[in-house]
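Before any comments, here is the structure.
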Amino acid sequence: MQANRRQFLKTAGFFAASFLRPRFLKAVGAASQVQFSQIVYPGGNWRPRTTALRRLAWALHKRTAVDVALESIEVKPTRTASLATSPLAYLSGDRSFREWGSQSISAVSRYLRFGGTLIVDPAFTKDGDVDGFNQSVDALLMSALPDTERTPVPAAHVIYRSFYQIDRPVGRVEGPASLSAYEIGGRLAVIRTEHDLGGAWARDNLGNWEFTVVPGGDRQRENAFRMGINIVMYALCLNYKEETPHRRFGKRVTEK
């Protein structure tokens, strides 16, 4: 995994340098440690799975060579600088939210076009309205990326084998057989799930899983962690799994 770490540092440095301003370089380039950003937005429910990112970060820490901060930061996307603290931003919710202002939309657009990755993960809650959340996200991304369409991520895409070999995404719910994404320059800049990954990751301070995973139980929960790790590794390392040396000599990790 040392090669993965070197590639991450290279990617993070490029991401930081692309902003061309010292404060951005300080925010992203000063530390090699990955830290997730959870997006805070007006209205709605921006943090329905409160422990999800911490548990995903712990899984990354235990299973990979990525130097990851266990605690995420909360980011209001009013400026590109606030988003630029991390190459990975997480947008979750379980109901519709208010329309974002033009400054926030512009900040998201610049973040994605300059190399940031946005993970969109709706939460399927008992009292929520996931369709309302998805409609709000649709409107946001239509404004932020007007020249980019949402498309399914094909089964052959590298994201399904960036660390683990995965047949299909799952989360707290089984969901559709593929992710969807918005592509910029051949890169999946926005990765959208319909599986409530955060619900599968969430675990309280006593070690108890917070939500039941259906229909596949423990195996499905494990595969939800594997999908999350794959998404992070893809975002940090991009297409390293496509390189010939890796295909020839790399270790293949399959689902159990």
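The values are calculated or read from the model by the stated rules, or taken from the named source; none is laboratory data. Everything numeric here is computed off the predicted structure, so don't read it as measured data. Positions of Cβ are generated from backbone atoms using ideal geometry, with glycine treated the same way; all protein chains shown enter the neighbour counts.
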query: Which of the residues spanning segment 128-155 are among the β-branched types (Val, Ile, Thr) and in a loop (DSSP other than H, G, I, E, B)?
result: Thr148, Val153
field: Close pairs from segment 102-117: first free of Cβ contacts under 8 Å to residues at least 40 places away in the same chain and within 10 Å of Pro87 (Cβ to Cβ), partner of a type in the set (Ser, Thr, Tyr) and assigned to a helix (DSSP H, G or I), Cβ under 6 Å, at least 6 apart
entry: Tyr111/Thr80
query: What tally of residues in segment 174-224 results from selecting those that are buried (at least 22 other Cβ atoms within 10 Å of the Cβ) and over 20 Å from Ala156 (Cβ atoms)?
result: 9
- request: State all residues of segment 91-108 that are crowded, with 19+ Cβ neighbours inside 10 Å and hydroxyl-bearing (Ser, Thr, Tyr); if no residue qualifies, say none.
  value: Ser92, Ser96, Ser104
- request: Test each condition in (1) touching a residue at least 60 places away in the same chain (Cβ under 8 Å); (2) more than 22 Å from Thr51 (Cβ to Cβ); (3) buried (at least 17 other Cβ atoms within 10 Å of the Cβ) for Val120 and report the one that comes out false.
  value: (2)
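Consider Asn223 carefully, then state whether it is modelled with pLDDT under 95, of a type in the set (S, T, N, Q) and closer than 25 Å to Arg63 by Cα. Please lay out each step first, then the result.
Working: modelled with pLDDT under 95: no; of a type in the set (S, T, N, Q): yes; closer than 25 Å to Arg63 by Cα: yes.
So Asn223 does not fit the description; no.
For segment 170-204, which positions are at positive phi and assigned to a strand (DSSP E or B)? First the steps, then the outcome.
First, the residues of segment 170-204 that are at positive phi: 175, 185-186, 196.
Scanning segment 170-204 gives no hits.
Which of the residues spanning segment 101-127 are part of a loop (DSSP other than H, G, I, E, B) and under 17 Å from Arg192 (Cβ atoms)? Even if it seems obvious, please write down each step before you answer.
First pass over segment 101-127, keeping only residues part of a loop (DSSP other than H, G, I, E, B): 101, 114-116, 123-127.
Result: Gly116, Ala123, Phe124.
Search segment 44-81 for residues being among the polar types (S, T, N, Q) and over 15 Å from Asn230 (Cβ atoms), and hand back the single one that is farthest from the chain's Cα centre (by Cα).
Applying the first criterion (among the polar types (S, T, N, Q)) to segment 44-81 yields 45, 50-51, 64, 72, 78, 80.
Adding the requirement that they be over 15 Å from Asn230 (Cβ atoms) leaves 45, 50-51, 72, 78, 80.
On the way: Asn45: 18, Thr50: 15, Thr51: 15, Ser72: 12, Thr78: 20, Thr80: 18 Å.
Among those that are among the polar types (S, T, N, Q) and over 15 Å from Asn230 (Cβ atoms), it is Thr78.
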query: Is it the case that some residue within segment 146-163 is in contact (Cβ under 8 Å) with a residue 40 or more places away in the chain, surrounded by 15 or more Cβ atoms within 10 Å (Cβ to Cβ) and closer than 20 Å to Phe97 by Cβ?
result: yes
message: Yes or no: segment 73-93 includes at least one residue that is within 24 Å of Arg172 (Cβ to Cβ) and touching a His at 6+ places or on another chain (Cβ under 6 Å).
response: no
